[in-house]
Structure formats: structure tokens, C-alpha cells
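Novice: Okay, here's the structure, questions in a sec.
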Amino acid sequence: MTKHVFLIARVLTAGLLVWALAKHPIGYYTILRLVTCTVCAYGVYVAIQRKQVGWAFAFGAIAMLFQPLFPLRMTRQTWVYVDVATAFFLVATIFLFRRTES
């Protein structure tokens, strides 16, 4: 069950990141930071549970990039690249971030 929730969260977050390419009020971007940070922080937790350190670092780096407490200031064009790359990463993890079979 939790596996499906994490999958849906990644898909929805990727969609929100792509939707962020349009102009929105500042509140949208604040909520987007919170959602992306939360989903990626949970990704760190799952990766650590699965003993996949590389994935934990990748999810952790994105969570720190999007954390809303001390926002990182970049130009709008830079955020476009970051948002698209992060959306691609989240969708790719659906196929690449699998439980290792022992």
C-alpha cells in the first residue's frame, strides 16, 4: 500500500513541477517547494530502508534544493531547468528505484 502512495506522490509532484513552468502566484511555488521537499525526504527514508545509499543522496539533494525554510534564490529560467530535471528524475525513479531482490 505504501509503495503505491509513494508512486502516486512522485507522479503528482512531477506534474506539479511541469505545471510550474506557467506563471502562478508566489503561493503556488511555496507549496510546490513543500510538496517536493516532503516527497523527496520520504524518498530518502525509503532508500535508507532499502539500503540504497546512492538513491538516498539523490533524493536528499533534491529535498535540500526545494526545502522551503531557507529558499534558494535562482532566476526563473534556472528554476525552469531545475523543475524539468526534477520532474524527469521523479518519473524515472518509478522505473529505476526498485526494491533489490536478495
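Novice: With touching a residue at least 60 places away in the same chain (Cβ under 8 Å) and either touching a Gly at 6+ places or on another chain (Cβ under 9 Å) or not hydrophobic (A, V, I, L, M, F, W, C) (or both) as the only criterion, which of Leu17, Leu90 stands out?
Specialist: The match here is Leu90.
Novice: Being closer than 14 Å to Ala85 by Cα and part of a helix (DSSP H, G or I) is the filter here; which residues of segment 12-21 pass it?
Specialist: Listed by number, the residues that qualify are Thr13, Ala14, Gly15, Leu16, Leu17, Val18, Trp19.
Novice: Right, next: Do you know which residues across segment 48-98 are part of a helix (DSSP H, G or I), surrounded by 14 or more Cβ atoms within 10 Å (Cβ to Cβ) and of a type in the set (S, T, N, Q)?
Specialist: Correct list: Thr86, Thr93.
Novice: Taking Val5 as the residue in question, decide whether it is part of a helix (DSSP H, G or I), modelled with pLDDT under 95 and either of a type in the set (Gly, Ala, Ser) or exposed (fewer than 14 other Cβ atoms within 10 Å of the Cβ) (or both).
Specialist: yes
Novice: Tyr28: hydroxyl-bearing (Ser, Thr, Tyr), free of Cβ contacts under 8 Å to residues at least 24 places away in the same chain and surrounded by 13 or more Cβ atoms within 10 Å (Cβ to Cβ), yes or no?
Specialist: The answer is yes for Tyr28.
Novice: Would you check if there is a residue in segment 22-36 being within 24 Å of Arg98 (Cα to Cα) and either part of a helix (DSSP H, G or I) or not β-branched (Val, Ile, Thr) (or both)?
Specialist: Yes: segment 22-36 contains one or more residues that are within 24 Å of Arg98 (Cα to Cα) and either part of a helix (DSSP H, G or I) or not β-branched (Val, Ile, Thr) (or both).
Novice: Ok, one more. Since Tyr45 meets every condition but one in (1) of a type outside the set (S, T, N, Q); (2) loosely packed, with under 15 Cβ neighbours inside 10 Å; (3) in contact (Cβ under 8 Å) with a residue 40 or more places away in the chain; (4) within 19 Å of Phe57 (Cα to Cα), which condition does it not meet?
Specialist: Just one mismatch for Tyr45, condition (3).
The values are calculated or read from the model by the stated rules, or taken from the named source; none is laboratory data. Keep in mind that this is a model prediction, so the values were computed, not measured. Cβ coordinates were reconstructed from backbone atoms using ideal geometry, including for glycine residues, and neighbour counts include every protein chain displayed.
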